[in-house]
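Take a look at the structure set out below.
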Amino acid sequence: MTYLRGHWQLLAIIVIVFALWSTPIVLPLKFLVVYFHELSHALMAILTGGSVESLSVNFQQGGEVWTRGGSRFLTLTAGYLGSLLIGVGLLLFALWGRMDKVVLAGLGVIMLITLLLYVRDIPALVICGLTGAALIAAARYFSHQICDLILRIIGLSSLIYVPYDIWDDTIRRAHLRSDARMLAEEIGGTTILWGGLWFLISLAVIGWCLVRGLGRESNIHFSRRG
């Protein structure tokens with residue numbers, strides 16, 4: 001009961017996001033998590049010595065990144081797990097720090113930089129452009145508490161979406177041309193093996209976040225001054 005009282009706002013966000021999951025209201029969050037997935041592929045390709053040709057996110061909640069060089073194993077692995085870690089990072093920034101406006105604006109700037117460097121299609125242009133601009137505007141005009149709340153919603157949405165997406169794409173529908181399927185074809189193993197491993201890792205990360213990351217209380221105490 002003490003845990004519930006200390007974190008009731010986060011629990012309420014999770015319930016609301018789940019309740020609205022199939023509605024258009026949550027689409028911007030889904031697009032953002034897909035963007036995190038593709039961004040993670042792109043960053044890992046660059047970090048392992050490769051380059052990025054293009055990055056795309058579409059209105060059907062899908063996306064793709066074309067890369068050249070780098071570690072295929074790490075690049076393919078980075079999609080789901082990287083987007084999960086981005087979500088955890090944003091949530092912990094909101095919980096532990098006071099730089100919510102900076103983080104929110106920084107996320108918007110990264111989206112716009114991605115747009116300028118790698119986006120080649122209209123859907124991704126619209127999604128990255130509008131979302132990036134909206135995040136920067138929110139950081140500029142909203143209070144600290146509201147920016148904190150936005151980061152929590154984004155972070156928790158990623159935590160919710162990633163394990164579900166792994167399960168749906170790599171285990172329940174193992175025939176899909178997913179990251180796990182490509183990894184199995186190029187490295188070895190099976191789609192379900194890689195998907196199951198990623199699924200277990202995602203649950204472990206979420207468990208750590210819930211047990212160790214939240215602390216005794218995470219509720220936002222709203223005040224008149226941001």
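Kindly establish whether A139 is without any contact (Cβ under 8 Å) to a residue 40 or more places away in the chain, in a helix (DSSP H, G or I) and under 21 Å from the mean Cα position of the chain (by Cα). Talk me through it step by step, then tell me what you get.
On the way: without any contact (Cβ under 8 Å) to a residue 40 or more places away in the chain: yes; in a helix (DSSP H, G or I): yes; under 21 Å from the mean Cα position of the chain (by Cα): yes.
Yes, satisfied.
Could you grab the pairs with beta carbons closer than 9 Å, sequence gap of 6+ or different chains, first residue in segment 192-208 and touching a residue at least 24 places away in the same chain (Cβ under 8 Å), second one among the acidic types (D, E) and surrounded by 17 or more Cβ atoms within 10 Å (Cβ to Cβ)?
So the pair list comes out as W194/D179; G195/D169; G195/D179; W198/D179.
Could you go through segment 212-224 and let me know if any residue there is more than 21 Å from the chain's Cα centre (by Cα) and in a helix (DSSP H, G or I).
Looking for residues that are more than 21 Å from the chain's Cα centre (by Cα) and in a helix (DSSP H, G or I), one finds none in segment 212-224, hence no.
Of all residues in segment 1-26, count the ones that are open to solvent by 50 Å² or more (accessible area, probe 1.4 Å) and either of a type in the set (A, V, I, L, M) or under 15 Å from the mean Cα position of the chain (by Cα) (or both). Let's see the steps before the verdict.
Step one: list which residues in segment 1-26 are open to solvent by 50 Å² or more (accessible area, probe 1.4 Å), which gives 1-5, 8, 11, 15-16, 18-20, 22, 24-25.
Subsequent filtering for residues that are either of a type in the set (A, V, I, L, M) or under 15 Å from the mean Cα position of the chain (by Cα) (or both) retains 1, 4, 11, 15-16, 19-20, 25.
Of the residues in segment 1-26, 8 are open to solvent by 50 Å² or more (accessible area, probe 1.4 Å) and either of a type in the set (A, V, I, L, M) or under 15 Å from the mean Cα position of the chain (by Cα) (or both).
Residues checked against (1) hydroxyl-bearing (S, T, Y); (2) open to solvent by 30 Å² or more (accessible area, probe 1.4 Å):
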site	(1), (2)
P163	no, no
W167	no, yes
T191	yes, no
W194	no, yes
A204	no, yes
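For segment 1-53, which residues satisfy the criterion of being over 18 Å from I153 (Cβ atoms), touching a Gly at 6+ places or on another chain (Cβ under 8 Å), assigned to a helix (DSSP H, G or I) and among the hydroxyl-bearing types (S, T, Y)?
S40
Which condition from (1) closer than 30 Å to H144 by Cβ; (2) of a type outside the set (S, T, Y); (3) out of contact with any Ser or Thr (no Cβ under 7 Å at 6 or more places or on another chain) is the one that G87 breaks?
Exception for G87: condition (3).
Considering only residues of segment 54-107 that are in contact with a strand residue (DSSP E or B) (Cβ under 8 Å, 6 or more places away or on another chain) and not in a strand (DSSP E or B), which is farthest from L193 (Cα to Cα)? It would help to see each step written out before you state the result.
Residues of segment 54-107 in contact with a strand residue (DSSP E or B) (Cβ under 8 Å, 6 or more places away or on another chain): 54-57, 63-70, 75.
From what's left, not in a strand (DSSP E or B): 69-70, 75.
On the way: G69: 25, G70: 23, T75: 17 Å.
Looking at the filtered set, the residue picked out is G69.
The values are calculated or read from the model by the stated rules, or taken from the named source; none is laboratory data. What you are looking at is a predicted structure, and each value in this text was computed from that prediction instead of being measured. Here the Cβ is made from the backbone with ideal geometry for all residues, glycine too, and neighbour counts use every protein chain on show. SASA here: full protein model, heavy atoms, side chains in, ligands and nucleic acids out. Shrake-Rupley method; radii C 1.70, N 1.55, O 1.52, S 1.80 Å.
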